[in-house]
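Accompanying notes for the structure given below.
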Amino acid sequence: MLYGKRSSKYVSTLLMYSHTSRMIIVCLLVIGDIIGLLLCFNLALELRVSKSLDLGMPILYALIAIYLFGLYLTDTYKLNREVSGVRLSERAILGIVATVAAVTSLIYITGLWGSEPIVGRGVLLISVGLFSIWAVISRTIVDGWLKTNQQPSRFLVLGDDRKVVDFGKEHRKLNSPTEFVSFTDFASENSDVYNQSNSNTAVLNKINGLNSTWKQQYWSGILIDGADRSLSQQMVRDLMDMRLRGVYVYSIADFCERFWQKIPPAYVQDDWFAFTSGFNILHNRIKAKLKQLIDIVVAAVMIVVSLPITIPVAIAIKLSSPGAIFYSQVRTGLNGKKFRVYKFRSMYQNAESKGIQWAKTKDPRITKVGSFIRLTRIDELPQLWNVFKGEMSLVGPRPERPEFDMQLREQIPYYDVRYLVKPGITGWAQVCYPYGASVEDAYQKVAYDLYYIKNYSLLMDLGIAFKTLRVVILGKGR
């Protein structure tokens, strides 16, 4: 429920669920899927071979783990009602179909087919059919609940008009249309003057502190542009009073970090870097050395394990178009040091004969084989050699070309912070944002890179690795 005047054009609303509520719903979905799988396997056994489910079979828990992992990879535990235009219940069907194909292939390859009643053809088909109905119904219920219980929170936004407008536009991309209130010129003694600058943003141009009308309203929180230095002492006291009354007060940068998992450079200043917590990877040598050791060991193993994939791909590239199998480019690495990165060639020979340019959707320079290896990220596998040599990490900001660096450095604040850590084959920006092909895309990716560097942990690297696997399986690469 939205407290206060719901129709007021001066109300700032943000659709936001608490992390606790989200985790509870996700945990209930997981528990429900486990119960559903047990019930469906048991019913399938009863119908097919007149036996009850034996809870002591190790293969049972292996199958459950694989099904849950498949549902995770297809975003069925992500509470967005739609992801890339696919509804929650539809993603469940996609996840089950993909998982069934993987499980069936694995059982057949390992010779387990028919070794236990639970992996017999009839039992698998019946249990899968029943569980598909179970999973779709459970997610349809969640989908309906989300639709009827989206409770917008009311936030007051204090800061520069332009930044608040930009903040509002970005929020609408992530959530839904909303209006933001910008409070500027805090020291002015003039009365409130409203200006409807456009259809989506109501701007309050002048205000002398938070008056009693605003203080008496319900606010979920107050967002402050950290770059603004015009807060009066009275404004600070008002904010302190509201904070002590239980109203959350965030800088816009902290809000973005907490709820969007990114830190847009436009909302931070030098003092933010000086006083904020995090960035442990930059001064914790143990963490840095452990990350490097893991990189080298995993890269060595993956180079060997991926040979059954890389050898056929190399042959396909050679046969499909003239030119070398591998392609190399100079990229910017740790502390701005240049190095040469290696990839499988995905474009026609002399693709940049007309000069350096951003890659784009349906790029005519990309070969047929190149389209496939880009989609599945196989073209990145030769970079394991860069990781083994210590030039890159498995996870980190993507290295950019020096020619683009010069342009982006001039247009994006704190751009070079991303080069304080080793660049990676995959990264937080790569799994959270589509393929970048413009300055705006680069800005968004820097925002995710800042979040990664500030909040780095080995557990986060592991999470990014799983998300990367999901990107590969769902074919979201480019």
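Derivation of every value follows stated rules applied to the coordinates shown; laboratory data play no part. Here the structure is a predicted model, which means the values were calculated and not measured. All Cβ positions, even for glycine, are placed from backbone atoms using ideal geometry, and neighbour counts span all protein chains on display.
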Query raised in the report: Looking at the square roots a ≥ b ≥ c of the eigenvalues of the Cα gyration tensor of segment 361-410, which shape do they give, rounded for a/c under 1.5, prolate if a/b is larger than b/c, or oblate?
Result: oblate
Query - Amide H contacts of SER251 (H built 1.01 Å from N, under 5 Å, at least 5 apart or other chain) - result: ILE224
**Report entry** For GLN261, residues with placed amide H under 5 Å, excluding near neighbours
**Finding:** none
**Report entry** Spin-label pair ASP441/ASN284, simplified geometry with 7 Å Cα→Cβ offset, distance in nm
**Finding:** 3.3
**Report entry** Rough spin-label spacing in nm, given labels placed 7 Å along Cα→Cβ, for ARG22 and ALA324
**Finding:** 4.4
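With a/c under 1.5 counting as rounded, go ahead and sort segment 245-305 into rounded, prolate or oblate using the C-alpha gyration tensor (a ≥ b ≥ c being the square roots of the eigenvalues; past the cut-off, prolate if a/b is larger than b/c, else oblate).
Here segment 245-305 falls in the prolate category.
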Report summary line: Residue by residue through segment 381-393, the couplings from Karplus 6.51 cos²θ - 1.76 cosθ + 1.60 with θ = phi - 60°, in Hz, x for Gly and Pro, are 4, x, 6, 4, 5, 5, 5, 4, 7, x, 7, 9, 10
Query raised in the report: How far is the Cα center of segment 404-427 from the Cα center of segment 255-326, in Å?
Result: 13
Query - Ordering of 405-417, 383-395 by packing [mean C-beta count within 10 Å, highest first] - result: 383-395, 405-417
